[in-house]
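Written below as structure tokens is the structure these notes are about.
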Amino acid sequence: MTATATRVLVLNSGSSSVKYQLLDMADGRRLAVGLVERIGEENSRLAHTPLATGGEKRETEGAIADHETALKTVAAELSADGLGLDSPQLAAIGHRVVHGGLRFTEPTVIDGAVLKEIERLVPVAPLHNPANITGIRTAQALRPDLPQVAVFDTAFHSTMPEYAARYAIDVETADAHRVRRYGFHGTSHAYVSRRTAALLGKDPSEVNVIVLHLGNGASASAVAGGRCVDTSMGLTPLEGLVMGTRSGDIDPAVTFHLKRVAGMSADEIDELLNKKSGLLGLCGDNDMREIRRRIDEGDERAALAFDIYIHRLKKYIGAYYAVLGRVDAVVFTAGVGENAAPVREAAVAGLEELGLAVDAGLNAVRSDEPRLISPEYARVAVAVVPTDEELEIAQQTYALVSA
Ligand code: ADP
């Protein structure tokens with residue numbers, strides 16, 4: 001790395017998409033952002049915005065066969081703006097890797113052994129780690145000389161005490177198959193809990209925070225003095241809150257029941273619980289905007305879906321209140337948490353005895369800034385803090401390679 005190398009490219013490789021951002025860590029500025037979607041289909045789409053040059057978003061459609069072609073296309077887009085991957089200013093590439101298992105609790109420079117270990121984790125993250133691995137291999141082929149860093153979704157949760165991380169099942173069986181609670185969205189929970197402490201004018205070590213990351217996927221975490229002590233997702237991102245298309249918590253016997261009574265296979269039940277459940281399964285829509293619109297029109301199914309979503313959320317607030325003992329802030333983040341005022345209002349309604357309340361006026365304000373929405377008298381702060389997983393990945397990557 002040269003003295004002038006301050007840029008980090010962040011790659012989030014999904015099974016059929018690649019999201020990317022190029023950031024300059026000298027000032028935290030975003031130089032370019034973009035997304036390649038529908039990789040492997042005829043109508044793949046690339047949207048690229050060169051923020052550094054103030055250029056307009058450029059959108060192109062056409063077949064992009066695989067991740068390698070996708071990354072090469074992204075590299076060409078960046079080059080067109082003088083931001084190419086061959087630039088000496090590029091310090092590293094930071095990859096979001098979903099599952100780090102027990103081994104990876106910190107951002108890690110990727111070498112052959114690390115890549116092998118990420119591969120070994122595929123059985124516990126079959127939907128995510130393979131795509132992450134493809135992204136890493138492709139980026140390595142493009143810039144073999146450049147440090148590539150893996151930032152794991154599970155890492156922030158590795159501080160969970162054993163009694164929160166273990167399921168109450170036979171220990172030998174659990175250990176033989178690495179069955180335990182790992183948690184996900186860790187990069188977001190880390191970033192948001194730290195930003196919340198800053199919003200309160202405190203050091204992260206001084207505050208206890210309940211983070212509610214409510215996007216299409218959703219998870220809650222209890223963060224004590226900057227360390228995660230519990231989180232709602234488990235072995236996979238299926239456990240916990242009601243999500244866009246995932247059921248969240250469910251009696252495991254439902255799966256045996258569906259197998260025995262409905263003759264469904266493991267794959268069919270997997271698909272049902274991950275892709276056809278949650279808000280979508282309950283009312284046919286998984287977008288909170290659409291659900292609110294239907295509720296305003298008097299739609300009862302949408303109203304019931306909303307109530308189920310809120311009931312689960314409230315149970316986790318209560319549970320993590322008890323886990324933490326003292327709570328300084330409850331913070332909402334991600335697509336639903338940052339934008340859906342009715343969700344925030346309903347989740348906290350009736351919890352005044354716990355010191356929790358939302359000020360209707362503050363809650364209605366739309367903003368991209370971290371902000372408090374609780375009334376001044378409230379004992380516990382309620383906040384909205386927009387998440388920024390890419391910035392967090394870039395910071396962790398840069399800190400590692402510039403150390
Ligand atoms: P992902 O989990 O895919 O990263 P996001 O964090 O971007 O998702 O959240 C996406 C979800 O946020 C959408 O499915 C929608 O339910 C919700 N959302 C986005 N904007 C709004 C809005 N203005 N009002 C209510 N909900 C919103």
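Summary table
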{"read-out": "Square roots of 5 times each gyration tensor eigenvalue, C-alpha, the chain, largest first, Å", "value": "33, 26, 23"}
{"read-out": "Amide H contacts of Ser232 (H built 1.01 Å from N, under 5 Å, at least 5 apart or other chain)", "value": "Ala220"}
{"read-out": "Mean separation of Cα contacts under 8 Å, 6 or more apart, over the residue count of the range 5-141: relative contact order %", "value": "24"}
{"read-out": "Lysine pair count for the chain [Cα-Cα under 19 Å; pairs on different chains or 8 or more apart]", "value": "5"}
{"read-out": "Estimated vicinal HN-Hα couplings, Hz - the range 191-200 in sequence order (Karplus 6.51, -1.76, 1.60; Gly, Pro = x)", "value": "4, 5, 5, 5, 5, 5, 4, 4, 4, 7"}
{"read-out": "Relative exposure of Lys116, Lys259, judged by other C-beta atoms within 10 Å (fewest first)", "value": "Lys116, Lys259"}
{"read-out": "Nonlocal amide H pairs with Val97, under 5 Å, H built at 1.01 Å", "value": "Val151, Phe152, Asp153"}
{"read-out": "Spatial separation of Cα centroids for the range 277-338 and the range 81-104, in angstrom", "value": "34"}
{"read-out": "Whole-number percent relative contact order across the range 329-403, with pairs defined as alpha carbons under 8 Å at least 6 apart", "value": "33"}
{"read-out": "Dipole in debye (nearest 20) - the range 317-400, about Cα centre, beta carbon charges: Lys, Arg +1; Asp, Glu -1", "value": "240"}
{"read-out": "Over the chain: helical MRE at 222 nm, DSSP H runs n ≥ 4 each giving -39500 (n - 2.57), nearest 500", "value": "-11000 deg cm²/dmol"}
{"read-out": "Integer Hz, Karplus 6.51/-1.76/1.60 couplings in order for the range 112-128, x for Gly and Pro", "value": "x, 5, 5, 4, 4, 5, 5, 5, 5, 8, 3, x, 8, 9, x, 7, 10"}
{"read-out": "Exposure proxy ranking, count of Cβ atoms within 10 Å, fewest first, for Ile291, Ile317", "value": "Ile317, Ile291"}
{"read-out": "Exposed-loop-free span, longest in the chain, where GluC sites (Glu not before Pro) count as exposed if DSSP calls them loop and at most 13 other C-beta atoms lie within 10 Å", "value": "57-296"}
{"read-out": "Fraction of beta bridges assigned by DSSP in the chain that are antiparallel (%, nearest 5)", "value": "65"}
{"read-out": "Under 5 Å, built H, 5+ apart or other chain: amide partners of Val382", "value": "Val330, Ile373, Ser374"}
{"read-out": "Per-peptide average of other Cβ atoms within 10 Å, ordering 132-144, 176-188 highest first", "value": "176-188, 132-144"}
{"read-out": "Chymotrypsin sites (Phe, Trp or Tyr not before Pro) restricted to DSSP loop in the range 305-403 with at most 14 other C-beta within 10 Å", "value": "Tyr377"}
{"read-out": "About the Cα centre, charge dipole magnitude for the range 227-303 (Lys/Arg +1, Asp/Glu -1 at Cβ), debye", "value": "80"}
{"read-out": "The range 141-251, relative contact order in percent, only Cα pairs under 8 angstrom and at least six apart counted", "value": "25"}
{"read-out": "Neighbour-limited loop hits for trypsin sites (Lys or Arg not before Pro), the range 308-401 (at most 15 other Cβ within 10 Å; DSSP other than H, G, I, E, B)", "value": "Arg326, Arg366, Arg379"}
{"read-out": "Percent of C-alpha pairs per 5 Å bin, the range 170-312, short to long", "value": "2, 9, 15, 16, 16, 15, 12, 8, 4, 2, 0, 0"}
{"read-out": "Size of electric dipole in the chain: Cβ of Lys, Arg +1 and of Asp, Glu -1, about Cα centre, debye, nearest 20", "value": "380"}
{"read-out": "Dipole of the chain [Lys/Arg +1, Asp/Glu -1 at C-beta], most positive-end residue of Val384, Ala222, Leu22", "value": "Ala222"}
{"read-out": "3J(HN,Hα) from dihedral phi, the range 375-386, Karplus parametrisation 6.51/-1.76/1.60, rounded to Hz, x for glycine, proline", "value": "x, 4, 6, 5, 6, 10, 6, 10, 9, 10, 10, x"}
{"read-out": "Global size of the range 218-260 as Cα Rg and Dmax, reported in angstrom", "value": "13.1, 46"}
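Since every read-out is calculated from the coordinates, none of them should be taken as a lab result. If you're wondering where the values come from, they're calculated on a predicted model, not measured in any experiment. Note that each Cβ is placed from the backbone with ideal geometry, even for glycine, and that neighbours are counted across all protein chains shown.
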